[in-house]
Amino acid sequence: MAEENIIFVGKKPTMNYVLAVVTQFNNNIEKIVIKARGKSISKAVDIAEITKHKFIKDAKYKDIKLETEILHGENGDSNVSSIEITMTR
């Protein structure tokens, strides 16, 4: 999958990401992946739901993946949850 089909969720406002997803769909991209880790997971779900219910009514969830990633830091290892939401049209 091309890198431009992946939306990485961070600290920007939710609607910025919704606009990015809608723009991708309007550019005839058939499959978009929304990725988030940690506290951004709820924002990723909001982005997918807003996109589906308000902007792209025919969008569907193709796949949802949940994982726990181990991050190695200065204070040892820590577990961080992550989500990948794949949307299609």
Expected single match for at pLDDT below 95 and small (G, A, S) among S40, S78 is S78
Notebook entry, point to check: Does E30 satisfy being closer than 18 Å to N16 by Cβ and among the acidic types (D, E)?
Noted result: no
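Here is a yes/no grid of residues against (1) in contact with an Asp or Glu (Cβ under 8 Å, 6 or more places away or on another chain); (2) in contact (Cβ under 8 Å) with a residue 24 or more places away in the chain; (3) within 18 Å of S82 (Cβ to Cβ):
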| residue | (1), (2), (3) |
| --- | --- |
| N5 | no, yes, yes |
| V18 | no, yes, no |
| Q24 | yes, no, no |
| N27 | no, no, no |
| D46 | no, yes, yes |
| F55 | no, yes, no |
| K62 | no, yes, yes |
A careful count of residues in segment 57-79 that are more than 14 Å from the chain's Cα centre (by Cα), charged (D, E, K, R) and under 20 Å from I6 (Cβ atoms) gives 1
Over segment 19-58, the set of residues farther than 29 Å from N79 by Cβ and not charged (D, E, K, R) is L19, V22, T23, Q24, F25, N26, N27, N28, I29, H53, F55, I56
Going through segment 68-89 in order, the residues found to be free of Cβ contacts under 8 Å to residues at least 40 places away in the same chain and more than 15 Å from F8 (Cβ to Cβ) are T68, I70, L71, H72, G73, E74, N75, G76, D77, S78, N79
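The values are calculated or read from the model by the stated rules, or taken from the named source; none is laboratory data. This one's a predicted model, so the numbers in the text were calculated from it and none came from an experiment. Cβ coordinates were reconstructed from backbone atoms using ideal geometry, including for glycine residues, and neighbour counts include every protein chain displayed.
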